[in-house]
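Peer 1: This is the structure I want to talk about, given as structure tokens.
The values are calculated or read from the model by the stated rules, or taken from the named source; none is laboratory data. From a predicted model like this one, the values you see are computed outputs, not experimental measurements. Note that we place each Cβ from the backbone using ideal geometry, even for glycine, and neighbour counts take in every protein chain shown.
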Amino acid sequence: MTDTVDSLLASLDLPAKILLISGSAFFRFAGDPDIGLAEMPVSDGPSGVRGEHWDERDSSVSLPSGTALAATWDRELLSRVGGLIAAEARRKDVYAVLGPTINLQRSPIGGRHFECLSEDPLLTAEIADAYVRSVQAHGVSACPKHYVANDSETDRFTVDVQVSDRALREVYLYPFERSVQAGAWMLMAAYNAVNGATMTENRLLDEPLKGEWGFDGVVVSDWSAIRSTAAAADGCDVAMPGPARLWGAPLLDAVRAGRIPESAIDDKVRRILRFAQRVGALDDPAPVPEPFTDAAAQGLVREAAAKAMVLVRNDGVLPLANPARVALLGTAAGEPRYMGGGSATVIPSHTSSPLDGLSAILPVTYVAGVHAGDELSPVPTGLLTDPATGRSGLSVRYLDGEEIRTTEHRTASRLMLFSHPPAAGVTAVEVHGRLRADVAGDWQIGVAGVGAVTLTLNGDTVLDELIEPTGSDPAEIALKPPQRSVTRGLAAGEELDIVVRTAPDGGLPLIGVTLVARRPQRTADEEFAAAVEAARTAEVAIVVVGTTEQIESEGFDRTDLRLPGRQDELVAAVAAVNPRTVVVVNSGSPVEMPWRDDVAAILLTWFPGQEFGSALADVLTGLTEPGGRLPNTWPVTIADVPVLRTAPGADQTLAYDEGIHVGYRAWLKSGVEPAYPFGHGLGYTSWQLRDLSIAGRTAVVRIRNTGRRSGRQVVQAYLSRPDSAVDRPVRWLAGFAVVEADAGESATAVIELPQRAFEHWTDDGWRVEPGAFRLHIGTSVADLPLVADVRPSAEFAGVAR
Ligand code: BGC
């Protein structure tokens, strides 16, 4: 392999090499026909494969969010999920999937919390390891991201994270180290700076990444994270997105002038060629993974979603025993969030909402109960006709002045148009749709977008405004653009011609424009009262609550942990009239649940992917156990959160003063009780753990299913070190095992404790403190009935690695 790489490298002149180290398009690595190197499309993202374009005509399977996947604690499941991701990538001609996101859930307000796996480095590392290995086993590259300490979104391009070497090594770098050991072919360098240097120019790319860890893959910049031509002398290998700006002609000049050594460019090209060989973009095509049928993909996503759901409270109401009358409440029951906002977004061809899933098997009365907030939703495309074709949907015209360049038929009213053809060079985009009102009343009709926007209804221009973005992050601008709307009274069946014209702002990599609407609705009080009334007369009330894309998304952090609108009020009112109230929480990350002790059951579902409804029905009826265990800590209130702040100071620094005490480690240190601890989760049976034995670094536990149903349990092992000479967490996760057993049966959990779990980082490298550690075994960080002393074996005690 090296031979081919070296001989190919030798055949390239400097301009050809420089072309290869920048993308050729927004989501495409450059190729070179002279050496048989194909262009290599890459795609977001961690929970599905969008493909090169953000286009509903090319749909993708939508998987549970990163946190949901980690909540399964299940490497075997992850290896099947990886197979699906690889198959999706191949189906879309994509060579690399930009995920998993393995930054840490340092603060619950972090905007991409839902996309990250866990607050714990070991759980993150284990899930990442399974993800990387399984995707790559099918010849598709994974791309763990974002290296490193990109744990929140506020000022993400400029924030300078101040973090100790020890916290980096033990917490933030560890999942990357394990991903390199898993054989990752690509990593993404983050936007932020760490200890004074932006990550695309940071020494951490050399040590430990490429030196000590021996990473021989490609470091790709996060999109637009390359800040200078001079950065080409450093460890980032590919500048994205393409086409080249800073690393094109100016870099050629810099190398020719001797300001940047050609050897630095050669090293990058060597890595790209090696990568191309691995993914089959040179002469030997990679193996094609077994394609998934739609049914197989849906089955796997449904299984993963159910295994990720965490039942944090249950007074016995679940599983539901054939209820005759169910009140299903909450806007999120009808319009849930399947995925988080931002680059993780994919467009599935079909979705199953809680309303779809539950009404298919139970006698359900549905009332939203609360209005969905101030934001209008994308117009359901079933209500729209494309005037150009007469088909359901709308048409998009790309204009050059007044000349129509291209017209497209589209089937989504939310459009993300990247700066690629046909959008390149256009001066304006026009979206046309004919709305047919399905109910009479006052409709609110509008547009979400930025720039020069006009909205015309039946030929009347009702809006002509230069709409300024609310933030400065391109993702935030495209994903959370301001909305403008007007009210129109429409009779049932009446039609309204809607035309939105928007002039793209040349500086933006993508144009986001959405036709939005709100149907006539009851007043907020009438809607609320109707829901409470439905709950009063039902046998069981199921309230689905959740966050919105305006709250949880890439590009910005949250400002609080509250459920938006009147959702808390609704749950409290429903619980007051129906003691059998089940709350289903559809949020990607922790929310406050002030009513949590007043309801019969609480099921956390995260962003579960396209099969939400069917998986929820499986879990609520007991067809499947709620398999998840918390990969993070859920606070009672935001005021209790020990590590919260994500905003840098005026000097742009953000100090990780808590050091290694992140997540449950910080909670244990603070002594404050959370609402639900790390690792917690109930199934539908009960368990007894006993007979802990330890051989070397392997712990073996017998676990008996003492209930009446078969079940699945995650047995967790934590270490502690009483009287340590070193500052340490009170306890830290050291290993875990998933077991299953039928009612009355026993199973054996075998937990491997990695050497690293016993080590701590010092100025002289990794060390093990001599003497005994204490091992705690149980089912959450707060429920650890079995304890034993364990001594790491002599062969590594005290030895630096
Ligand atoms: C995100 C990355 C993503 C990239 C390409 C960036 O803004 O931080 O995670 O892969 O965009 O969409």
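Peer 1: If you scan segment 29-48, which residues turn out to be closer than 17 Å to Asp222 by Cα and in a loop (DSSP other than H, G, I, E, B)?
Peer 2: Ala30, Asp44, Gly45, Pro46
Peer 1: Conditions first: (1) farther than 18 Å from Ala142 by Cα; (2) small (Gly, Ala, Ser); (3) modelled with pLDDT of 95 or more. Gly217 passes all but one, so which condition is the exception?
Peer 2: (1)
Peer 1: Go through segment 21-39 and give me each residue that's surrounded by fewer than 24 Cβ atoms within 10 Å (Cβ to Cβ) and either aromatic (Phe, Trp, Tyr) or in contact with a helix residue (DSSP H, G or I) (Cβ under 9 Å, 6 or more places away or on another chain) (or both).
Peer 2: Quick first cut of segment 21-39, residues surrounded by fewer than 24 Cβ atoms within 10 Å (Cβ to Cβ) only: 22, 24-26, 28, 30-39.
Once the filter is applied, which keeps residues that are surrounded by fewer than 24 Cβ atoms within 10 Å (Cβ to Cβ) and either aromatic (Phe, Trp, Tyr) or in contact with a helix residue (DSSP H, G or I) (Cβ under 9 Å, 6 or more places away or on another chain) (or both), segment 21-39 yields Ser22, Phe26, Ala30, Gly31, Asp32, Asp34, Ile35, Gly36, Leu37, Ala38.
Peer 1: Does Ala296 satisfy the condition of being within 28 Å of the chain's Cα centre (by Cα), part of a helix (DSSP H, G or I), buried (at least 19 other Cβ atoms within 10 Å of the Cβ) and not basic (Lys, Arg)? Can you show your working first?
Peer 2: On the way: within 28 Å of the chain's Cα centre (by Cα): yes; part of a helix (DSSP H, G or I): yes; buried (at least 19 other Cβ atoms within 10 Å of the Cβ): no; not basic (Lys, Arg): yes.
When the stated conditions are applied, Ala296 does not pass them.
Peer 1: Pairs needed: first member in segment 93-114, of a type in the set (Phe, Trp, Tyr); second member anywhere, within 13 Å of the ligand (Cβ to nearest atom); C-beta distance under 6 Å; at least 6 residues apart or different chains.
Peer 2: Correct list of pairs: Phe114/Gly340.
Peer 1: Scanning segment 138-161 for residues that are within 15 Å of the chain's Cα centre (by Cα) and near the ligand (Cβ under 10 Å from one of its atoms), which turns out nearest to Glu554 (Cα to Cα)?
Peer 2: Glu153
Peer 1: Of the residues that make up segment 356-375, is at least one within 16 Å of the ligand (Cβ to nearest atom) and either part of a helix (DSSP H, G or I) or out of contact with any Pro (no Cβ under 9 Å at 6 or more places or on another chain) (or both)?
Peer 2: Taking every residue of segment 356-375 in turn, none turns out to be within 16 Å of the ligand (Cβ to nearest atom) and either part of a helix (DSSP H, G or I) or out of contact with any Pro (no Cβ under 9 Å at 6 or more places or on another chain) (or both).
Peer 1: Would you check which residues across segment 309-345 are β-branched (Val, Ile, Thr), at pLDDT 95 or above and in a loop (DSSP other than H, G, I, E, B) and list them?
Peer 2: Val317
Peer 1: Taking the condition of being more than 13 Å from the ligand (Cβ to nearest atom) and not assigned by TED's automatic domain parsing to the domain that holds Leu251, how many residues in segment 21-58 meet it?
Peer 2: 4
Peer 1: Tell me the residue from Gly555, Gly588 that is within 16 Å of the ligand (Cβ to nearest atom), of a type outside the set (A, V, I, L, M, F, W, C) and modelled with pLDDT under 95, please.
Peer 2: Details: Gly588 fails: modelled with pLDDT under 95.
Going through Gly555, Gly588 in turn, the sole match is Gly555.
Peer 1: Report, by residue number, each residue of segment 352-386 that is hydroxyl-bearing (Ser, Thr, Tyr), more than 21 Å from Ala324 (Cα to Cα) and touching a helix residue (DSSP H, G or I) at 6+ places or on another chain (Cβ under 6 Å).
Peer 2: First, pick out the residues of segment 352-386 that are hydroxyl-bearing (Ser, Thr, Tyr): 352-353, 359, 365-366, 377, 381, 385.
Applying the additional criterion that residues be more than 21 Å from Ala324 (Cα to Cα) yields 352, 377, 381, 385.
Across segment 352-386, the qualifying residue is only Ser352.
Peer 1: I would also like to ask the following. In segment 379-397, how many are more than 32 Å from the chain's Cα centre (by Cα) and touching a residue at least 12 places away in the same chain (Cβ under 8 Å)?
Peer 2: Residues in segment 379-397 being more than 32 Å from the chain's Cα centre (by Cα) and touching a residue at least 12 places away in the same chain (Cβ under 8 Å): 7 in total.
Peer 1: Here's something else I'd like to know. Identify the residue in segment 173-217 that is acidic (Asp, Glu) and assigned to a loop (DSSP other than H, G, I, E, B) and, among all such residues, is nearest to the ligand (Cβ to nearest atom).
Peer 2: Across segment 173-217, the extreme among qualifying residues is Asp216.
Peer 1: Working carefully through the options Ala232, Ala254, Ala244, Ala239, find the one that is among the small types (Gly, Ala, Ser) and at pLDDT below 95.
Peer 2: Ala244
Peer 1: Would you point out which residue out of Ala137, Ala142 is over 23 Å from Phe758 (Cα atoms) and either surrounded by fewer than 24 Cβ atoms within 10 Å (Cβ to Cβ) or not assigned by TED's automatic domain parsing to the domain that holds Met188 (or both)?
Peer 2: Just a single option satisfies the conditions, and that option is Ala137.
Peer 1: Next question, about the same structure. Restricting attention to segment 309-343, which residues are within 16 Å of the ligand (Cβ to nearest atom) and touching a helix residue (DSSP H, G or I) at 6+ places or on another chain (Cβ under 8 Å)?
Peer 2: Once the filter is applied, which keeps residues that are within 16 Å of the ligand (Cβ to nearest atom) and touching a helix residue (DSSP H, G or I) at 6+ places or on another chain (Cβ under 8 Å), segment 309-343 yields Gly341, Gly342, Ser343.
Peer 1: Moving to a separate point now. Considering only segment 218-246, how many residues are more than 16 Å from the ligand (Cβ to nearest atom) and touching a Leu at 6+ places or on another chain (Cβ under 7 Å)?
Peer 2: Residues meeting the conditions: 5.
Peer 1: Quick check on Val367: is it at pLDDT 95 or above and touching a strand residue (DSSP E or B) at 6+ places or on another chain (Cβ under 9 Å)?
Peer 2: For Val367, the condition - at pLDDT 95 or above and touching a strand residue (DSSP E or B) at 6+ places or on another chain (Cβ under 9 Å) - is met.
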